[in-house]
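First up is the structure itself, then whatever we jot down about it.
The values are calculated or read from the model by the stated rules, or taken from the named source; none is laboratory data. Please read all numbers here as calculations on a predicted model, not as lab measurements. With ideal geometry, Cβ positions are generated from the backbone for all residues, glycine too; neighbour counts draw on all protein chains shown. Note: accessible area is taken over every heavy atom of the protein model, side chains too, but ligands, DNA and RNA are not part of it. Shrake-Rupley method; radii C 1.70, N 1.55, O 1.52, S 1.80 Å.
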Amino acid sequence: MLKKAYPIVKCELNFKNKFQLCISAILSAQTTDKKVNEVFDAYIVEILLPFEKRIGKLNIPSIAASLYF
């Protein structure tokens with residue numbers, strides 16, 4: 001039904017991977033997609049890129065188990 005009503009759906013957020021999309025979506029809940037896109041590149045360089053490099057080294061199954069997933 002939605003596919004018929006909206007056959008062409010485009011995400012307005014700019015992102016390069018699923019991690020960035022997740023962060024962008026969280027930020028867009030607090031402001032507009034346009035504003036997120038304006039500030040996101042600077043945010044990526046300062047905060048997310050160092051975190052993205054470290055997150056690959058995390059033991060995700062262990063963290064998920066501790067959160068009861």
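Suppose we filter the stretch 17-29 for residues that are modelled with pLDDT under 85 and assigned to a loop (DSSP other than H, G, I, E, B); how many remain? Matching residues across the stretch 17-29 total 1.
The set of residues from the stretch 8-25 being open to solvent by 100 Å² or more (accessible area, probe 1.4 Å) and without any contact (Cβ under 8 Å) to a residue 24 or more places away in the chain comprises 8, 9, 10, 16, 18. Residues being at pLDDT below 80 and touching an Asp or Glu at 6+ places or on another chain (Cβ under 9 Å) are entirely absent from the stretch 51-68.
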